[in-house]
Amino acid sequence: MYDLIVLGAGAAGLMAVASLPRRRVLLIDHNPKPAAKIEISGGGYCNITHERLDESFYLGDPRFIRTVLNTFDNRQLLAWLQKRGLTPVKRPGGQWFCRHSAKELSTLLRESAAHADWALGREIIELFQTPRGFGVRTDRGEWHGRRVLVATGGLSYPKIGASGIGFEIARAFGHEVVAPRPALVGLTLQKEQAWMKTLAGVSVPVEVAVGRRRVAGNLLFAHKGVSGPAILDTSLYWNGGKITVDFLPGVRLKSILKSRTKSIASLLPLPRRLTRAFLEAQNIPNLPYAQLSEAQKERLSYLKSYAFAPAGTFGYTKAEVTKGGVATVGIDPLTMQSRLVEGLFFAGEVVDVTGRVGGYNFQWAFASAVTAAEAVAKC
Ligand SMILES: Cc1cc2nc3c(=O)[nH]c(=O)nc-3n(C[C@H](O)[C@H](O)[C@H](O)COP(=O)(O)OP(=O)(O)OC[C@H]3O[C@@H](n4cnc5c(N)ncnc54)[C@H](O)[C@@H]3O)c2cc1C
C-alpha cells in the first residue's frame, strides 16, 4: 500500500516525487525512459521557466493559475534547481534554459525521484477506487495506494508516450474535461494562401491579432504552412476563424515608401523572397508607390493587416502541448486535489491550463506538482 501512486514520469510526476522524499511512493510510466519530453524540449536545452511570470501568459482560469503559481513560482523553481547543482542560464528574451543540455534537468529529476519505486514500461489502463484508496491496473500488474496523482500529460507527441489516459480517468471519476486540442503548433493554410508555401525557410518578425489577443514574435514559413514562436502562441488562442498578420510591426508603410523613383520592393524592409511573393499574389507591379493605383495601394496595405483563416493545425504529432484538459472548476488550486474524489490529485498538462512559448509549460508542470506534493505531505 503506497502513500502515493504517481501516474506519469514526466516533468510533473518526477517533480512531485522529488518533493516527497519521506513518503512511500510508486511512479508508473509506459515509457521505459522517464522525462523523455524534457530531453527534446527547448531545442535540446529545455526552456525551464521565464523571468516574467504571471497568469496572463496562460490560457485557463486566471485565479486558479495565480494561486498555483504563487505556491511555487519561477524564483522558487530556480532556487530549487540551484540548490541541487543546476544553474540555468537566462537568454536575452528572459527565458531560462539549461546551460549545456536538457539532460541536466532530466537527470536531476530522475536522481531526485530515485527514492521512489518505479514501474516503467507499464501501460496504465484503469484507475479504480478501493475501500482504502485506489487501485491502478496496468498491462503488467496492479498496484494500490492511498492517494493517486494523475500526471499523464496531454496528447501531444504520441511517439514519446502521450496518451489520453489522464482525461479518461478524470471523466470516469466525474470530472469535466475541456475538449483537448493541439496547441503551440504550426497552422496549415487554405488554397488562397498557397503563395506562403513558396517561402519555406523564411522567417520574419510579425504581430498577429487572434481574437482579442495580440502576439508578437517571429513567423516561420514552412512547407506545410506557417510556424515559429508568433504562430505557436497564436495557436493557443485560435479556435477557428481569421487571424490578422502585420508583416511590418512598428513600421508606417507610407512613411517608408515616400521615394518617387525607387520601387516598392527595394524600400520594403522585408526578405526579398517575401516581398516578391506577396506582390505577385496580390497582383501589384513593382513600381514606385506613387505610380500604383488606389486599388493596388489598398492591396499593398494588407502587409500591415493580412487577414486569413488557417485551414487547421499541424496536429498532435507536431504540437508542443495540448490545450484543454481536466476542468479546473473540479480541482482545489491550494492542493491540486479533486473536489469530487478525496485522495485524487492532478498536475501538469493534463489540467486545463496551457502556457505560451517561453518556459511557461514546465513552470506550470512544476508548480502544480509541488502544490500537490505539499498537500500530500500534510495528509
Ligand atoms: C518538442 C517539445 C518541446 C517543448 N519545449 C518546451 C520548453 O522548452 N518549455 C516548456 O515550458 N515546455 C515545453 N514543452 C511542453 C512541455 O514538455 C510539457 O508541457 C510538459 O512536459 C508537461 O509535463 P507533464 O509532466 O504534465 O506531461 P509529460 O511530460 O507529457 O509526461 C507525461 C508522462 O505520462 C506518461 N503516460 C502517458 N500516458 C500513459 C499511459 N497510458 N500509461 C503509462 N504512462 C503514460 C508519458 O509517457 C509521460 O512520461 C515542449 C513540448 C514538446 C513536445
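The values are calculated or read from the model by the stated rules, or taken from the named source; none is laboratory data. Please read all numbers here as calculations on a predicted model, not as lab measurements. Neighbour counts are summed over all protein chains in view; Cβ atoms, including those assigned to glycine, are modelled from backbone coordinates with ideal geometry. The protein model used for the area step is the full one, side chains on, heavy atoms only, and it has no ligands, DNA or RNA in it. Shrake-Rupley method; radii C 1.70, N 1.55, O 1.52, S 1.80 Å.
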Practice problem: Considering only residues that are buried (at least 21 other Cβ atoms within 10 Å of the Cβ) and either more than 6 Å from the ligand (Cβ to nearest atom) or of a type in the set (D, E, K, R) (or both), look in the range 46-56 and name the one that is farthest from Glu320 (Cα to Cα). | Solution: Leu53
Practice problem: Return only the number of the condition from (1) more than 16 Å from the ligand (Cβ to nearest atom); (2) surrounded by fewer than 19 Cβ atoms within 10 Å (Cβ to Cβ) that Tyr289 does not satisfy. | Solution: (2)
Quiz item: So which helices (runs of 4 or more DSSP H) are wholly in the range 57-150 and hold at least 3 residues that are modelled with pLDDT under 95 and surrounded by fewer than 17 Cβ atoms within 10 Å (Cβ to Cβ)?
Solution: none
Quiz item: Do you know which residues across the range 321-366 are among the hydroxyl-bearing types (Ser, Thr, Tyr) and over 25 Å from Lys378 (Cβ atoms)?
Solution: Thr322, Thr354, Tyr360
Self-check item: Among the candidates Thr322, Thr313, Thr335, Thr328, residue that is open to solvent by 40 Å² or more (accessible area, probe 1.4 Å), in contact with a strand residue (DSSP E or B) (Cβ under 9 Å, 6 or more places away or on another chain) and modelled with pLDDT of 95 or more
Solution: Thr313
Self-check item: Within the range 12-43, tally of residues that are within 12 Å of the ligand (Cβ to nearest atom), of a type in the set (A, V, I, L, M, F, W, C) and within 21 Å of Gly145 (Cβ to Cβ)
Solution: 7
Quiz item: Which residue out of Val326, Val351, Val341 is more than 24 Å from Val226 (Cα to Cα), more than 14 Å from the chain's Cα centre (by Cα) and within 14 Å of the ligand (Cβ to nearest atom)?
Solution: Val326
